[in-house]
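> What follows is a single structure, and I will ask about it in a moment.
Here, each number is a calculation from the coordinates, and none is a lab measurement. Keep in mind that this is a model prediction, so the values were computed, not measured. Ideal geometry is used to build each Cβ from the backbone, glycine not excepted, and the neighbour counts take in all protein chains shown.
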Amino acid sequence: MKTKKSIGVWMDHSIARLIEFTIEPMQIRNIESTFTHEIRSESIEKSEKHMHNKEQGEQLEYYHKILKGIINYDQVLLFGPTDAKNELRTILKADHAFDNITIEILQTDKMSENQLLAFVRKHFAEHQKL
């Protein structure tokens, strides 16, 4: 039986923390959105429409960076405190490259690095037993 490659992604609209489930010490890799508070302020000064378009483009770019980080996994756990995980799931469902990937979503609060690692370890260890 082939071992499934699993990854957890804690995310909000500004940062995604990717944690691969491994036997070795797990590592966290960050992907950050380039749409910062400063860019938002500059865009608002130009116009509300310009700010909205800029924000949508930057968010889409951010989500596509995450997609590249999870494409080679069999199981993906998206979790975090905001709706960003649901927005990403919508993009994943539209992309047929992710049709054979199991995607789960859980609502969580902010977590420390140790809490993130323990959460991903516990989640996938329980699912590997099934």
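> Amide H to amide H under 5 Å from L106: which residues, 5+ apart in sequence or cross-chain, H placed 1.01 Å off N in plane?
Answer set, sorted by chain and number: L78, F79, G80.
> Related question: When the dipole is taken about the Cα centre of the stretch 51-125, and only Lys, Arg (+1) and Asp, Glu (-1) are charged at their Cβ, what size is it in debye, to the nearest 20? Intermediate values should be presented prior to the final figure.
Numbers: 9 positive and 11 negative charges, 35 e Å.
With only Lys, Arg, Asp and Glu charged at Cβ, the dipole is about 180 debye.
> I've got another one for you. Around M26, which amide H atoms from residues at least 5 apart in sequence, or from another chain, sit under 5 Å from its own amide H, with H modelled in the peptide plane?
Here nothing satisfies the definition.
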